[in-house]
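One structure is given here, and the rest of the page talks about it.
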Amino acid sequence: MSVRVVLFTADLRLHDHPPLRAALDRGSDVVPLFVRDRAVDAAGFAVPNRLAFLADCLRDLDARLRERGGRLVVRFGDVVAQVCAVVRDTEAEEVHMAADVSAYAHRREERLRDALRAQGCRLHVHDAVTTVVAPGAVTPAASDHFAVFTPYLRRWSEQRPREPLAAPRRIRVPEGVGSGPLPERPDPTRLSPGLPAGGESAARKRLTAWLRGPVAGYADHHDDLAGDATSRLSPDLHFGTLSPAELVHRARRAGGPGAEAFVRQLAWRDFHRQVLAARPHAAAHDYRTRDDRWRTGADARRDVDAWREGRTGYPIVDAAMRQLRHEGWMHNRGRLLTASFLAKTLYVDWRVGARYFLDLLVDGDVADNQLNWQWAAGTGTDTRPHRVLNPLAQARRFDPDGAYVRRWVPELAGIDGPAVHEPWKLRGPGREAYPDPVVDLAEGLARFRRARGRD
């Protein structure tokens, strides 16, 4: 009896899962395996919000496998050692897994391939499981990756995503394969109060609800901070409870400008992954250095603390930071303006902000988080690296009546209309509870321009 192992990583679903389908097609018994890798914990990615979402995902995945006669095998420790132990115990002939783009994922794949080869077992790595188009599938003539989004989008749009695969009806797991317990959610006091539920079941309900109506207005309203008109599917994509290829097919079937605008965001996600796959160092180092001498010292630390706490004195910035702390998620427009404020207006190293986001974001992953931060800091792929997003102009444009600010900054809830964005101009009840700005915008802009040699 032949056995195949399927190593689940960032693909915690049964629908449209090429590694699982290949294993079922090639062997009679399959071991669905997830390893809680201690290297991920050591790297600081196992933070409470994501651990809670992960626990939901694994519990749901196990339940859906059991509905089909299988179960999820959970191990803890070094991923290579644990996979090899399962292969040895079951005499498995093959291991199937999805490709990933980080430097750690590349090392994991190399280590697994070498170790399994020594045991007479083959490793099959499947592309386009966590992306629509595999990194490296489209490249410009003179480089190994696209550094500008628009030409990448043009080539990406010419590719036809593979047809999504149905979830398997039956899965048989060999008897006697030992498993640890499913991980539990962390103590609720360590979690963001507004954290969503994880798992493929919840993800597919969110997707169906999104495509039944809200996606139609996405092109016109996706930047509306108060309207909250985004899909909120980024955590599901990060953990792989939804297939990006399936999302493209279903969005295009829905049709209209909103669906196409949503598909464009999936292209941005693939764009960042092909950049990181080609330049893994960009997770921690400038993609394009600007020779910045970032602010440090007591004043910079004070400003960073105010930014983290949502007490900068700029209500639109503070509202977004408070949303992050409450939900473990932040509106995309909020991410751009808070990142620009820290890196350019306060002139603090983008890595400080990127690390804080990773500490809280349920959808925090290396490609999107780090490369979006670099875009905002002007060290990444932005073709206008020295632009600075003015928080007041952003507030007037994307929260014109102040509803988003009043939702997240309750001490300003009594201020009507757009005046809420400049509370320092007002006096009245509650105003004393809100701080003055930590920096004058003109002074911050001048400091940034001097630092970048733009004066």
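Remarks
- Candidates Gly217, Gly194, filtered to the one that is touching a residue at least 40 places away in the same chain (Cβ under 8 Å), assigned to a loop (DSSP other than H, G, I, E, B) and not aliphatic (A, V, I, L, M): Gly194
- Among the residues of the range 319-338, those identified as over 20 Å from Trp375 (Cβ atoms) and assigned to a helix (DSSP H, G or I) are Ala319, Arg322, Gln323, Arg325, His326, Glu327.
- Hits in the range 196-231 (condition: over 25 Å from Leu165 (Cβ atoms), assigned by TED's automatic domain parsing to the domain that holds Arg264 and not small (Gly, Ala, Ser)): Pro214, Tyr218, Asp220, His221, His222, Asp223, Asp224, Leu225, Asp228, Thr230
- The set of residues in the range 339-387 that are acidic (Asp, Glu) and assigned to a helix (DSSP H, G or I) comprises Asp359, Asp368.
- Residue within the range 36-49 that is crowded, with 22+ Cβ neighbours inside 10 Å, closer than 22 Å to Ala128 by Cα and touching a residue at least 60 places away in the same chain (Cβ under 8 Å) present: no
- Any chance Arg232 is basic (Lys, Arg) and in a loop (DSSP other than H, G, I, E, B): yes
- Residue match in the range 345-362 (condition: over 21 Å from Leu51 (Cα atoms), in contact (Cβ under 8 Å) with a residue 60 or more places away in the chain and either surrounded by fewer than 17 Cβ atoms within 10 Å (Cβ to Cβ) or in contact with a Pro (Cβ under 8 Å, 6 or more places away or on another chain) (or both)): yes
- Flag for Phe34 being of a type in the set (Phe, Trp, Tyr), assigned to a helix (DSSP H, G or I) and in contact with a helix residue (DSSP H, G or I) (Cβ under 7 Å, 6 or more places away or on another chain): no
- Qualifying residue in the range 228-240 (condition: farther than 26 Å from Arg322 by Cα and surrounded by fewer than 21 Cβ atoms within 10 Å (Cβ to Cβ)): no
- Among the residues making up the range 129-152, a single one is touching a strand residue (DSSP E or B) at 6+ places or on another chain (Cβ under 9 Å) and either surrounded by fewer than 18 Cβ atoms within 10 Å (Cβ to Cβ) or hydrophobic (A, V, I, L, M, F, W, C) (or both): Val129.
- Filter result for the condition that a residue is more than 24 Å from Pro174 (Cβ to Cβ) and either more than 25 Å from the chain's Cα centre (by Cα) or at pLDDT 95 or above (or both), over Glu109, Glu91: Glu109
- Counting only residues that are part of a loop (DSSP other than H, G, I, E, B) and aromatic (Phe, Trp, Tyr), the range 44-98 holds 1 of them.
- The residues listed here are Glu184, Glu175; of these, the one that is closer than 29 Å to Ala46 by Cα, part of a loop (DSSP other than H, G, I, E, B) and either at pLDDT 95 or above or not hydroxyl-bearing (Ser, Thr, Tyr) (or both) is Glu184.
- Count of residues meeting criterion [of a type in the set (S, T, N, Q) and within 15 Å of Trp375 (Cα to Cα)] in the range 278-304: 1
- Residue count for the range 50-92, restricted to those that are among the acidic types (Asp, Glu), touching a residue at least 60 places away in the same chain (Cβ under 8 Å) and within 28 Å of Ala284 (Cα to Cα): 0
- Matching residues, the range 430-455, being free of Cβ contacts under 8 Å to residues at least 24 places away in the same chain and either among the hydrophobic types (A, V, I, L, M, F, W, C) or surrounded by 16 or more Cβ atoms within 10 Å (Cβ to Cβ) (or both): Ala433, Ala442, Ala446
The values are calculated or read from the model by the stated rules, or taken from the named source; none is laboratory data. A quick note: this is a predicted structure, and the numbers were derived from the prediction, not measured. Cβ: placed from backbone, ideal geometry, glycine included. Neighbour counts: every protein chain shown.
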